[in-house]
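Notes to accompany the following structure.
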Amino acid sequence: MTAIRPLVAGNWKMNGLGASLGELEALRERLAQKPVPEADAMVCPPATLLTRAAQVLAGSGIALGAQDCHPLASGAHTGDISAEMLADAGATAVIVGHSERRIDHGETDVLVHAKALAAYRAGLTAIICIGETEAEHRDGSTLDVLNRQLQGSVPRQARAADTVIAYEPVWAIGSGLTPTLADVAEVHGFIRGVLGQVLDGGAAGAMRILYGGSVKPANAGELLFVPNVNGALVGGASLNAADFYAMLEVYRGRGRSG
Ligand code: PGA
């Protein structure tokens, strides 16, 4: 099994004011005192905090990500933010195709694909999200949905160095519900297989596939060691520095994930 360095990424969503930077300072402090060299950490605050967060995180080894980008570099698109602007603000990664964007803003696989290309153009890592809804989960179409989303959203030229896949069952996000470990293993193995078809030149084996949806300190120790789970995309539990650190800490002494 390929050794893949795990990533724990925190998605703050539409949460966080200037005062929340104290959580980043606390996280930085904890990691400085007791590093977790086995895993990478990333925080994705709202765009309004990127510049200040970049200052807090400078030199910490904690990466800074954004939550969305427009496909174009600039232009008449009121309220939108380009990948170039995010890079300019200090981000090195951007989440694209989060289910909340797909649902709230009607984002399609075609648009998510274009946003991933925009991330590459700006030198950012694209964190491409996929996941089935509760109805799709119930009617047994999870793998079909994921196959369609992967085929449509992930550019053929995606590489492990510039792309992370996040599998987030919509019904598990913010609900406290999680799939069984066996289901997570099946789905992540399936995703690895589809990536093998989608990507040019054998890039699939080294690409990180994160699990997301109600990950918290109490379940991270199990979920993050399921085969083909190479880290987590964490919403609610990433807002608190102690909880976020606790999820990183599960990797201490346990090395790389397969
Ligand atoms: P949650 O969100 O951890 O609050 O369930 C995960 C996500 O949507 O990225």
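The values are calculated or read from the model by the stated rules, or taken from the named source; none is laboratory data. This structure is a prediction, so every number in the text was calculated from the model and none was measured. Because the Cβ atoms are built from the backbone with ideal geometry, glycine has one as well, and the counts that use them run over all protein chains shown. Each accessible area value is taken on the protein alone, full model and side chains, heavy atoms only, with ligands, DNA and RNA left out. Shrake-Rupley method; radii C 1.70, N 1.55, O 1.52, S 1.80 Å.
For the reader, a short list of remarks on this structure follows.
- The listed residues are T180, T163, and the only one of them that is among the polar types (S, T, N, Q) and open to solvent by less than 10 Å² (accessible area, probe 1.4 Å) turns out to be T163.
- For A91, the criteria (1) farther than 15 Å from L24 by Cβ; (2) of a type outside the set (F, W, Y); (3) part of a loop (DSSP other than H, G, I, E, B) hold in every case but one, which is (1).
- Selection of region 55-83 for residues being surrounded by fewer than 18 Cβ atoms within 10 Å (Cβ to Cβ) and among the charged types (D, E, K, R) yields only D80.
- Take the conditions (1) within 21 Å of A32 (Cα to Cα); (2) among the small types (G, A, S); (3) surrounded by fewer than 22 Cβ atoms within 10 Å (Cβ to Cβ); S238 misses just one of them, which is (3).
- When region 4-48 is filtered for residues that are open to solvent by less than 80 Å² (accessible area, probe 1.4 Å) and of a type in the set (D, E), the ones remaining, listed by number, are E23, E38, D40.
- Condition check for R52: of a type in the set (K, R), in contact (Cβ under 8 Å) with a residue 24 or more places away in the chain and in contact with a Phe, Trp or Tyr (Cβ under 6 Å, 6 or more places away or on another chain): no
- Extreme residue, surrounded by the fewest Cβ atoms within 10 Å (Cβ to Cβ), among residues of region 243-258 that are touching a strand residue (DSSP E or B) at 6+ places or on another chain (Cβ under 9 Å) and at pLDDT below 95: G258
- Residues of region 89-110 satisfying the condition of being within 16 Å of the ligand (Cβ to nearest atom), surrounded by fewer than 16 Cβ atoms within 10 Å (Cβ to Cβ) and touching a residue at least 40 places away in the same chain (Cβ under 8 Å): I103
- Single residue of T125, T178 found to be in contact (Cβ under 8 Å) with a residue 60 or more places away in the chain and among the polar types (S, T, N, Q): T125
- Just one of the listed residues (L86, L124, L117) is out of contact with any helix residue (DSSP H, G or I) (no Cβ under 8 Å at 6 or more places or on another chain) and either open to solvent by 50 Å² or more (accessible area, probe 1.4 Å) or within 21 Å of A58 (Cβ to Cβ) (or both), namely L117.
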